[in-house]
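Participant: Shown below is the structure under consideration.
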Amino acid sequence: MKFLLFLAVAVFVLNQARAQDFPLRVYSQKDSSSYAGLRLTGQVWMRYNQNNPGTLINGEPSSSFFDISVRRLRFQAYARIREKTNLTMTLGQNNINYLTARSGEIRLLDFYIDHRLHRYLTVGGGQSGWNGTSRYAAPLTSKLLTLDLSPFLIPTVNQTDNILRKLSAFAAGQAGPWDYRIVFSRPYAPVANSQIGFDSGFANVKPGIQTALYLKYQFFDHESISPFHAGTLDGQKKVLTLGLGMERQNKAMWHLTNAADTLTTPITLMAADLFGEIPLPGNKAWTFYLGYFYYDFGPNYLRIIGFNNVGSGLNAQGTFSGTGNAWPAIGTGQTGYFQVGYTWPISNRNERIQPFISGQYSGYNKLQEPVTFLETGVNLLLDGQRSKLTLAYQNRPVFDADRTGDLVQQMRKSSLVLQYQIRLE
């Protein structure tokens, strides 16, 4: 109750700040070199989902389901001290739905300090979203082009991290057109009851340090130095970046050999990607992203995941894809992924329309057929990313074993989602 009252007061104050056209920020120095501020972001979903076969809703078989949920909630406080030192703290939670509302605690997500040692180098540490591998290994989820991101882009989410955040030390900076980061993380212990089998899984042993890096070349305007990357810039900058990244952790995975011996193996993740946003005359813009990903989690590793899942169980008619809206999204293998969007203004109004499409094509070792995932929809930008509506259609595969035991696609299922997003700062 106290948190809700605090949140209501924060929303009121932030709205007042927006109405006066200045951010909620308090300055402690006349030269504006030191200050503190607040941000609030949230996403509410209304969704109709075609459930996977065998899905149970409160113990009852259900072929489809309508729900209302809070996809994400973030409350962030930040401070800057004498231009060079920053403190960031974020509270939040994901996926507050009918299954989790009474138990979904508000988590500490970010708490880290960074300091600019040189104009080309900033260092920091704490629990943060600084990461490598690819642009969207640390996505700015309140500035996405699409409704959501495919889970494979955040490959260890809630396995060895806390909603992407890790206990890390990092160094980052920009020099000329180059933007770079390197991150050293102590992974969280793997999920409870980590079992060993012939397929690779997260090892319940003393883990190695995770090392991640991401290097991008910026052809036109420069993006700001931040742990998170935006999916769209609302046409405010002309951006084209080419990125290369990787992540590695020794003794991260384990599996049984044919002789039933335990073998530990590393995680090796590599990616190359291209992002662009090209403003056009008339307040229009093209936005696009293209990436190639090579993931090695060990032999036949495959993770079935459904973000904000609606299923509470599975009966005898269930498939390999699991309950609700889950599907085999992350695994050892190779993936291609794209996003494309186009923005244009509505005549005689301040709002803009932004249709988009994204797709994933993955060849995973454990499956005998490729995994394809499609999302398409449209954003109505009422006030840029500060206030927007999104209507999106998602189409996913359902995998199960055929008569010979091979895991193949048996059918496809879909979801229709209406989202409202608010971003106050």
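Participant: Run the helix sum for the chain: -39,500 (n - 2.57) per DSSP H stretch of 4+ residues, divided by residue count, reported at 222 nm to the nearest 500 deg cm²/dmol.
Facilitator: Mean residue ellipticity at 222 nm (helix-derived): -1500 deg cm²/dmol.
Participant: Sticking with this one: Under the 0.36 nm per residue contour assumption, what length would be gained going from the current alpha-carbon distance of L244 and T262 to full extension?
Facilitator: Contour length minus Cα-Cα distance gives 3.2 nm.
Participant: Testing the spin-label approximation: label points 7 Å from Cα along Cα→Cβ at I81 and K30. State their distance in nm.
Facilitator: 2.3 nm
Participant: Which whole-percent values make up P(r) of the stretch 96-186 when all C-alpha to C-alpha distances are grouped in 5 Å steps starting at zero?
Facilitator: Once binned at 5 Å, the Cα pair distances of the stretch 96-186 give 3, 12, 18, 21, 20, 14, 7, 3, 2, 1.
Participant: So what are the ³J(HN,Hα) numbers for the stretch 44-57, from phi and the Karplus equation (6.51, -1.76, 1.60; θ = phi - 60°), rounded to whole Hz, Gly and Pro as x?
Facilitator: Those phi angles translate into 10, 10, 10, 9, 10, 10, 7, 6, 5, x, x, 5, 10, 10 Hz.
Participant: Moving on. By how many degrees, between 0 and 90 and to the nearest 10, does the Cα long axis of helix 2-19 differ from the longest principal axis of the chain?
Facilitator: Value to nearest ten degrees: 50.
Participant: Here's a follow-up. Tally Lys/Arg at +1 and Asp/Glu at -1 over every other residue whose Cβ is under 12 Å from the Cβ of P345; what's the total?
Facilitator: +1
Participant: Estimate the FRET efficiency between W344 and L418 by the formula 1/(1 + (r/R0)^6), using the beta-carbon distance for r and 35 Å for R0, to the nearest 0.05.
Facilitator: Efficiency at R0 = 35 Å is approximately 0.95.
Participant: For the stretch 174-268, just list the percent of Cα-Cα distances falling in each 10 Å bin from zero outward, please.
Facilitator: 14, 33, 21, 19, 11, 2
Participant: So if each residue of separation counts as 0.36 nm, and I subtract the Cα-Cα distance between F219 and Q410, what length gain in nm does that give?
Facilitator: Between F219 and Q410, full extension yields an extra 64.4 nm.
Participant: Using modelled backbone amide H atoms (1.01 Å from N, in-plane), which distant-in-sequence or interchain residues come within less than 5 Å of G306's amide H?
Facilitator: Result for G306 returns W327.
Participant: Can you tally the net charge around R74? Count Lys and Arg as +1, Asp and Glu as -1, for every other residue whose Cβ sits under 10 Å from the Cβ of R74.
Facilitator: Its environment carries a net charge of +2.
Participant: If you build the convex hull over the alpha carbons only and average its shadow over all orientations, what do you get for the stretch 85-139? Give it in nm² to one decimal.
Facilitator: Taking a quarter of the hull surface, the average projection is 5.1 nm².
Participant: Treat the count of other C-beta atoms within 10 Å as a stand-in for reagent exposure and order H115, H255 from fewest to most.
Facilitator: H115, H255
Participant: Continuing with this model, one more query. Just to verify a number: FRET efficiency for M89 and A272, C-beta to C-beta distance, R0 = 35 Å, to 0.05?
Facilitator: E(calc), rounded to 0.05, equals 0.55.
Participant: Rounded to a whole number, what is D in µm²/s for the stretch 333-388 from Stokes-Einstein with the Kirkwood radius over alpha-carbon pairs (25 °C, 0.890 mPa s)?
Facilitator: Calculated translational D: 184 µm²/s.
Participant: Could you work out the local net charge near L244, counting Lys and Arg as +1, Asp and Glu as -1, over the other residues with Cβ closer than 15 Å to its Cβ?
Facilitator: Spelling it out: positives minus negatives among the neighbours equals +1.
Participant: Using a 10 Å cut-off around each Cβ, can you sort K284, K166, K206 from fewest to most neighbouring Cβ atoms?
Facilitator: The most exposed by this proxy come first: K206, K284, K166.
Participant: While we're looking at this one, here's another question. With +1 assigned to the C-beta of every Lys and Arg and -1 to the C-beta of every Asp and Glu, and no other charges, what is the dipole magnitude of the chain about the Cα centre in debye, to the nearest 20?
Facilitator: Roughly 1140 debye, rounded to the nearest 20.
Participant: A further question follows. When D114, D199, D406 are ordered from fewest to most other Cβ atoms inside 10 Å of their Cβ, what list results?
Facilitator: Least crowded to most crowded, the residues run D406, D199, D114.
Participant: Same structure again: For the stretch 234-251, take each phi angle, set θ = phi - 60°, evaluate the Karplus expression 6.51 cos²θ - 1.76 cosθ + 1.60, and give the result in whole Hz per residue in order, putting x for glycine and proline.
Facilitator: Computed from phi, the couplings for the stretch 234-251 are 6, x, 7, 9, 9, 10, 8, 10, 10, x, 9, x, 7, 9, 9, 9, 6, 6 Hz.
Participant: What are the ³J(HN,Hα) couplings of the stretch 198-208, residue after residue, when phi is run through the Karplus curve with 6.51, -1.76, 1.60 and θ = phi - 60°? Round to Hz, x for glycine and proline.
Facilitator: 6, 8, 5, x, 5, 7, 9, 9, 4, x, x
Participant: Output needed: percent of Cα pairs per 5 Å distance bin for the stretch 380-425, bins running from 0 to the one holding the longest distance.
Facilitator: 6, 17, 16, 11, 10, 9, 8, 8, 7, 5, 2, 0
Participant: For K413, list long-range residues whose amide hydrogen, built 1.01 Å from N in the peptide plane, is under 5 Å from its own amide hydrogen.
Facilitator: R396, V398
FYI, it's all coordinate maths here, none of it is from the lab. Note that the coordinates shown come from a computational prediction; the quantities given were computed from them, not determined experimentally. Cβ: placed from backbone, ideal geometry, glycine included. Neighbour counts: every protein chain shown.
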